[in-house]
Amino acid sequence: MNKNRMLVISDIHGCFHEFKELLSLVKYDSSEDQLILLGDYMDRGKNSKEVIYFVKELVEKHRAVAIKGNHDQMFCNWLADPIGEKERYFRNGALATIQSFLGESCSDQEEDSTYQEWARQIGETHKEVVSFIENLPYFYETDDFIFVHAGINPEHDDWKKTSNHEFIWIRDPFLQVNHSFSRTIIHGHTPAIYLHEKADVYYGNKKIGIDGACAYGHQLNCLEIKDGMFEQYFVKANVASC
């Protein structure tokens, strides 16, 4: 990778308009910048389909890096088992995603056969983007940084021993323990407001948390890394679109 800047964004959660506005704010230029997206493209916000199709385009046409988040995995799990995974997924913002893909109003009080039909319809109509989500990597690394959705398990002697489940779900012990690895870990998943009581990017001990909780009405953050320096950009959530 030989780009002037790295631009890192996480936890877009269907907030398509904020995502586009943020890229405009930072003057993203794919020929000059390396865009790195840390997962959770869907659920909660109203425009999950638009977000994930745009992410796919950014990866395939503009060499952006996109990794998997827990919500992206839950979406795939629900498509494969719409009844068994329904309770968990619907607790986590599924309805907004399903409505986005189907283009119609949906309810969480339907018969099982309806959920099965929704999953079948989405899986068949959006095969390529579903495959794209299923095959997203769990981390991305450079000489100085490890990019991951939730974190790594600091109890391992090699961070790559972290399980795929932990890469997208871990909170403790990652958030509570200072890890011994040389590189700084940049992550989303846990909103920064829980790390230091504000939605701005959190700078910890070789850990940087960038989830601004946009889908909860806060902000969508972008961490700019250039010449070893960090700068934050953000756009406030538009509650009507999220």
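If you count, for each residue, the other Cβ atoms within 10 Å and average over each peptide, how do 114-126, 208-220 line up from highest to lowest?
Descending packing order for the listed peptides: 208-220, 114-126.
Mind checking which of ALA150, SER10, MET42 is farthest towards the positive end of segment 1-155's charge dipole, using Cβ charges of +1 (Lys, Arg) and -1 (Asp, Glu) about the Cα centre?
After comparing all options, I get SER10.
I'd like to compare 227-236, 137-146, 183-192: which one has the highest average count of other Cβ atoms within 10 Å, and what's the full order after that?
Taking the mean over residues of other Cβ atoms within 10 Å, the ranking is 183-192, 137-146, 227-236.
How far is the Cα center of segment 122-186 from the Cα center of segment 69-100, in Å?
So the two Cα centres are separated by 20 Å.
Going down the table (LYS68/LYS226; LYS46/LYS68; LYS127/LYS207; LYS68/LYS207; LYS3/LYS46; LYS127/LYS161), which pairs top 28 Å between alpha carbons?
In this structure, LYS127/LYS207; LYS3/LYS46; LYS127/LYS161 lie more than 28 Å apart at Cα.
Where nothing but the Cβ of Lys and Arg (+1) and of Asp and Glu (-1) is charged, how large is the charge dipole of segment 82-130 around its Cα centre, in debye to the nearest 20?
So the magnitude is around 200 debye.
Ignoring everything except DSSP H segments at least 4 long, calculate the 222 nm mean residue ellipticity for the chain; use -39,500 (n - 2.57) per segment, divide by total residues, nearest 500.
Value at 222 nm, helices only: -10000 deg cm²/dmol.
Given GLN232, LEU136, SER100, which one lies farthest toward the positive end of the charge dipole of the chain, if we put +1 on the Cβ of every Lys and Arg and -1 on the Cβ of every Asp and Glu?
So the residue furthest toward the plus end is GLN232.
Using modelled amide H (1.01 Å from N, peptide plane; none on Pro or chain starts), what sits under 5 Å from the amide H of ASN153, excluding residues fewer than 5 places away?
Hits under the 5 Å cutoff: THR162.
Label segment 175-242 by shape, choosing from rounded, prolate and oblate, from the square roots a ≥ b ≥ c of the eigenvalues of the Cα gyration tensor; if a/c is under 1.5 it is rounded, and otherwise prolate applies when a/b is larger than b/c, oblate when it is not.
Oblate, since a/c reaches 1.5 and b/c is not below a/b.
Could you point to the residue in TRP78, ILE122, LEU175 farthest towards the positive end of the chain's charge dipole, with +1 and -1 charges on the Cβ of Lys/Arg and Asp/Glu respectively?
Value: LEU175.
Magnitude of the Cβ-charge dipole of the chain, K/R +1 and D/E -1, about the Cα centre, nearest 20 debye?
460 debye
Given charges of +1 on the Cβ of Lys and Arg and -1 on the Cβ of Asp and Glu, with all other atoms neutral, how large is the dipole of segment 129-202 about its Cα centre, in debye to the nearest 20?
120 debye
To the nearest 0.05, how large is the calculated FRET efficiency for ASP112 and LYS161 if R₀ is 35 Å and r is the Cβ-Cβ distance?
Efficiency computed from Cβ-Cβ geometry: 0.35.
Read-outs throughout are calculated quantities, based only on the coordinates presented, and are distinct from any laboratory measurement. Since this is a predicted model, take the numbers as computed values, not measurements. So basically every Cβ, Gly included, is an ideal-geometry build from the backbone, and we count neighbours across all protein chains shown.
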